[in-house]
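Laboratory data are not the source of any read-out in this text; all were calculated from the coordinates shown. Please read these numbers as outputs of a predicted model, since none were measured by experiment. Reconstructed Cβ throughout: ideal geometry from the backbone, glycine too, with neighbour counts over all protein chains shown.
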Amino acid sequence: MLLTALSSGLAWGSLKLPLPRGPVPPPADRRPLELPLDGYVTSSECKACHPGPHASWRASYHSTMTQVAMPGAVAGDFDAGALTFLGKTYRVERRGSEFWVGIPPEQGADLQWHQVVQTTGSHSMQVYWFSSGEGRTLDQFPLVFLLQENRWIPRNSAFLRPPSVQQHPPSEKSRWNRTCVLCHTTDPRSRILGEGPADTVVSEIGISCEACHGPGEEHVRVNRDPARRYLRYLEGDGDPTIVNPARLPHDRATQVCGQCHSVFYSKSQRDYERQAVEGFRYRPGDRLEDTRHIVRFAADPADASPLDRQLTEFFPGYMQGRFWSDGMIRVGGREYNSLLENPCYQRGELSCLSCHSLHQPEDDPREPRAWADDLLRVDAQGNQACVACHEDLGEAIEAHTFHASDSAGSACMNCHMPHTSYALQKAIRSHTIDSPQVNTELQTGRPNACNLCHLDRSLAWTAERLQAWYGQEPPALDPDQAQVPAGVRWLLTGDAGVRALTAWSMGWEPAQEAAGRAWLPGYLAETLTDPYDAVRFIGARSLASLPGFADFDYEPLASPDVRGAARLEALRRWRETPQPPPPGFPHDEDGDFTPDHTRLLGLRDQRPVDLVE
Amino acid sequence: MSESPEDAGLVHAHLRFGWWSLFVFLTLGVLLEALHALKASYYLHPAHETRRLMWTLSHTHGTLLGLMQFAFAATIRWGYAPPGGRRALASHCLRAAGILIPAGFFLAGLVLHGGDPGVGILLVPLGALSLMLGVLLTALNLQPSGPDP
């Protein structure tokens, strides 16, 4: 056998055939370094003893949040060739196992080519990074790839940002090293101070086991002893050498998630600098607020903490980009801030793990991708998560909801966790559990849960029911609030954030069922010419979900003229089957808009909205 | 070389043990293939990687140790087997190994502790010791004569 192997090798050599080579990773000296430090050992050490949890983690989007750009990790279409946006033509190319992007320079004609070294995201979109040429500092390819729609778009079109930013995007150089690294890797050290080059080091690329369970070195070391392992199995206790968030008190367990899913800030400049060099001091199981400041937006500035006041002074718009005016978070991915304000968390035992399971249980019948979509526990998909504590409500659900027990109106989450946060071109459920109140909408501008389903009903209609069912005193309403359907009013007069939420709700099946579908195209047509790219994308998706519009030809990033023509075409198609509108709608039975439509558009809240996801 | 009734009994015992081992552990192999065909989560789920390993080891060890019984029977039949008490001890050891090792692997796969096998795995080192002793006794005490022409 040995002789055979040797002779085969000699024959191969004499023929000078190239040896088969696997994919080669991008140069390691021009991207963040993966180097486990401070007791971190990386997820590869965990697999041998925890194959099931390791496999479900691998199936989750946490594991692929940041990846070295290699075949299998890169999901974008790099065979697309030339991509033209905003008058600039970019190119993407695959060269063997390498991925390259060509970026037009500020001056001159020749593209500047860069090898993609790293990716961010694998669920909704993927972002591509290349070496800036300075140390381990990364720069961002200005286009991102939408995974569901299988297309490239400019980065700033993927976020809800003012048109001025979309037209003139700021440089994203070092963004990954300064910001993304903090939550998209495990045990990060940005090692970038001032304007100098970064020497970024992380224990593991991606959000891995030790991000939630803490450093594993000691755990791995002591458990090399099989006698110890079997003793622990027999005793059935947890292992004190590692953190299991499921065994932590509910607040500490929630803080494990909150280390990333929150709006936070360093407690001081010194803290920031230390973190940049030595990494976060927080370890799972610690009290989170001992080592970082969780930002809270106080409705009354007098109630704000000194650091929050400083943030507001130094960064105007910081709070507005993240919070509604009553302090409720309005962007997705920051759910810890929501839970902090939550009575079930403050006075009960609610934690993230009450509804979410970070590892898919073996008896979960869903496909791993379906579970990974929102990491919801099987028993938290309906009302079970709520009625486990609120038993009395569960036993007589219709008496509480005044909706049929099997309807969307009797789903706890639809009323108490409505879709009032925004992220990734969609509406996300609020994680502050509250009850719908018309007054809250009047004070904050945040759409109320009732009308997010009953888009065709006015605020007065909602106020009447909340009074009849729950004894809420109806507030004073202006004529538009009293008469115009809330969905129409939000879409025509709301700010870009509210328009995005409304456009999304118009494509949400429970809302379409409750509010009817016939009137929706006429109003979604308005989103096709919205100045915000994200609103147009959402509006187009909702429109395509309606009967007769599945094949509607529309490009959200086309020129204003083309978009305007698409709006007219949508209206024409809508008017082919005219229906008499219910009271309050600003259109007539032929589908022609009344002067009220124009008047409402004139009332639109034009203040720039820049939601920082 | 004439075969004593005692040797004939041993040969028969090892042949019977070998054939039954083959029947049991080849059947197990077929069952494991059926679990693949049925995509049985109990066997194929990534969390049960250790079960898959243990039962595969049970199947292969059981089969190979079954074949080893034939080898020992042939060694006796051809007159090379160790003499007297050592022959009996080697026989006991090899048959014990033929049970302990595959049964240990099989039981170890029934109940898992994360990536670790169940406590049935403790039978495996016992079986391994028994196997080594049986093989060593046979190897050290092989009769030089062999069968009569």
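Mean separation of Cα pairs under 8 Å and 6 or more residues apart, divided by the residue count, gives the range A:120-179 a relative contact order of 30 percent. Rounded to 0.05, the FRET efficiency of the B:ALA40 and A:GLU235 pair, given R0 = 41 Å and the Cβ-Cβ distance, is 0.85. Using θ = phi - 60° in the Karplus curve 6.51 cos²θ - 1.76 cosθ + 1.60, the 3J(HN,Hα) couplings for the range A:196-208 round to x, x, 8, 10, 5, 10, 10, 6, 8, 5, x, 9, 10 Hz; x is entered for Gly and Pro. Between B:SER4 and A:TRP113, the modelled labels are 8.5 nm apart [label points 7 Å from Cα along Cα→Cβ]. When only Cα pairs below 8 angstrom with a gap of at least 6 residues are kept, chain A shows a relative contact order of 11 percent. Using every pair of separate Cα atoms, the Kirkwood estimate puts the hydrodynamic radius of the range B:5-140 at 15.6 angstrom. Extension gain, A:ASP199 to A:SER407: 0.36 nm times the residue separation minus the Cα-Cα distance gives 69.4 nm. The alpha carbon centroids of the range B:95-109 and the range A:60-93 are separated by 52 Å.
Counting 0.36 nm for each residue step from A:ASP561 to A:ALA482 and taking away their Cα separation leaves a gain of 24.9 nm. Taking a Cβ cut-off of under 12 Å around A:ASP605, the surrounding Lys, Arg, Asp and Glu residues balance to a net charge of +3, with basic ones at +1 and acidic ones at -1. Can you show me the helix-derived [θ] at 222 nm for chain A, built from DSSP H runs with n ≥ 4 at -39,500 (n - 2.57) apiece and divided by the number of residues, rounded to the nearest 500. Value at 222 nm, helices only: -9000 deg cm²/dmol. Considering all C-alpha pairs of the range A:244-350, those separated by over 20 Å amount to 43%. From the Cα gyration tensor of the range A:353-426, with a ≥ b ≥ c the square roots of its eigenvalues, which class applies: rounded if a/c is under 1.5, or else prolate if a/b is larger than b/c, or else oblate? Since a/c reaches 1.5 but b/c is at least a/b, the shape of the range A:353-426 is classed as oblate.
Scaled against the 2.2 N^0.38 Å expected of a compact globular protein of N residues, the Cα radius of gyration of the protein assembly as shown reads 1.23. Between the range A:384-430 and the range A:232-263, the C-alpha centres lie 28 angstrom from each other. Note on A:ALA370 and A:ARG178: the model spin-label points, each 7 Å out from Cα along the C-beta direction, lie 4.3 nm apart. Taking a ≥ b ≥ c as the square roots of the eigenvalues of the Cα gyration tensor, an a/c ratio of 1.5 or more together with a/b larger than b/c marks the range B:1-60 as prolate. Annotation for the range A:291-365: GluC sites (Glu not before Pro) lying in DSSP loop with at most 13 further Cβ atoms inside 10 Å of their Cβ are A:GLU349, A:GLU362. Residues whose amide H lies under 5 Å from that of A:VAL295, counting only those 5 or more places away or on a different chain, are A:VAL263, A:PHE264, A:TYR265; hydrogens are built 1.01 Å from N in the peptide plane.
Across the range A:397-405, computed HN-Hα scalar couplings (Karplus, 6.51 cos²θ - 1.76 cosθ + 1.60, θ = phi - 60°) run 5, 5, 5, 8, 8, 6, 10, 4, 5 Hz from first to last residue, x flagging Gly and Pro. Taking amide hydrogens as placed 1.01 Å from N in the peptide plane, the amide H of A:ARG457 sits under 5 Å from those of A:ALA486, A:GLY487, each at least 5 positions away in sequence or on another chain. Extent of the range A:129-201 along its three principal axes (Cα atoms, max minus min coordinate, largest first): 34, 26, 20 Å. Rounded if a/c is under 1.5, else prolate if a/b beats b/c, else oblate: with a ≥ b ≥ c from the C-alpha gyration tensor eigenvalues square-rooted, which is the range A:134-293? It is prolate, given that a/c is not under 1.5 and a/b is the larger ratio.
Per-residue ellipticity at 222 nm computed for chain B from its helices equals -26000 deg cm²/dmol, with DSSP H segments shorter than 4 residues left out and the rest contributing -39,500 (n - 2.57). What does the charge count around A:SER262 come to, taking other residues whose C-beta lies under 9 Å from its C-beta (Lys +1, Arg +1, Asp -1, Glu -1)? It works out to a net charge of +1. Counting only Cα atoms, the range A:356-505 measures 55, 37, 22 Å along its principal axes, largest extent leading. For the range A:421-613, the alpha-carbon coordinates run over 49, 40, 29 Å along the three principal axes, in decreasing order.
The length gained by stretching the chain between A:ASP590 and A:ARG95 to full extension, at 0.36 nm per residue less their Cα-Cα distance, is 172.6 nm. Report, in whole Å, the centroid distance computed from the Cα atoms of the range A:269-308 and the range A:99-138. Spelled out, the Cα-based centre of one part sits 32 Å from the other. With the cut-off at under 11 Å, measuring from each backbone N in the range A:306-321 to a point 7 Å along the Cα-to-Cβ line of A:ARG270 picks out no residue.
Put a dot 7 Å past the Cα of A:SER435, heading toward its Cβ, do the same for A:LEU393, and the two dots end up 0.9 nm apart.
In chain B, Cα pairs under 8 Å separated by at least six residues give a relative contact order of 30 percent.
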